[in-house]
Amino acid sequence: MPSFNIVLACVAVAAARCLDFSTIKSAVEPWLPSTDSHSTHTIQARAPCDPLPSGSGPVALIDTPAMFSSNTLVHLPAQIATTPTLYTRQFVDQSASVNAAGYLGYVLLASYDTANCSAQCNAITGCNAFNIYHERDPLQEPGAACINPASTTNIKCAFWSGGSSAVNTANNVNNGQFRFSFQVLIAGSNGYTRIGS
């Protein structure tokens, strides 16, 4: 069970790298592009310092980019992840996510679950590859009054068409960005392509 493994991993590492269980939410909202060509969505801009949703991934007790990058709990799930049936693993435990043509959207996951990610890919027309990773994101919309807010960790499952021409080490180049002084980072990034795609 994932929570049991995380507790064992937490016990095995220094306290500064342990999971802060108070930051975990039990469910996360998915995001996928609409398949209804007639639907419209109103997008409301976030104001600086507006709160953002908490992710379900591990957050280092010392909240810095360096501690996120070195946190065993964002690397271990990627290292021990199973390759889903009918898929081939293209890369494992990288510090970047895929940036390529054929992007089909993403969902936020409650746990680092390659079987769940592949099942969701299989349900999307044209999806034959996915990238699962931890992303360090802000808990507030960065702005002049909150240039470096506290972080959260989202577990993202991004969907791709194009198979191994999209999800491969050459396209695994998105290593984050700065939003004011807040550094968005990627860790524990694994890429998978459906066999024969």
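Each reported figure results from applying straightforward, stated rules to the coordinates on display, with no laboratory input. The structure displayed is predicted, hence computed values, not measured ones. Cβ coordinates were reconstructed from backbone atoms using ideal geometry, including for glycine residues, and neighbour counts include every protein chain displayed.
Measure of size requested: the Rg and Dmax of the stretch 80-126, with Cα atoms as the atom set and Å as the unit; please supply both.
In order Rg, Dmax, the Cα atoms of the stretch 80-126 give 11.4, 29 Å.
Where does the stretch 74-181 land on the Kirkwood hydrodynamic radius, alpha-carbon pairs, in angstrom?
It is 14.7 Å.
Under 13 Å from a point 7 Å along the Cα-to-Cβ line of residue 179: which residues of the stretch 41-74 have their amide N that close?
What the label zone holds, given the 13 Å backbone N cut-off, is 45-55.
Which whole-number percent gives the relative contact order of the stretch 104-197, counting Cα pairs below 8 Å spaced six or more residues apart?
Relative CO of the stretch 104-197 lands at 36 percent.
In which sequence would 192, 103, 87 go, from the one with the fewest C-beta neighbours within 10 Å to the one with the most?
Values: 192 27, 103 16, 87 23.
Least to most surrounded, the residues fall as 103, 87, 192.
Summing Lys, Arg as +1 and Asp, Glu as -1, what charge do residues with Cβ under 14 Å from the Cβ of residue 133 carry, residue 133 excluded?
Here the charged neighbours net out to -1.
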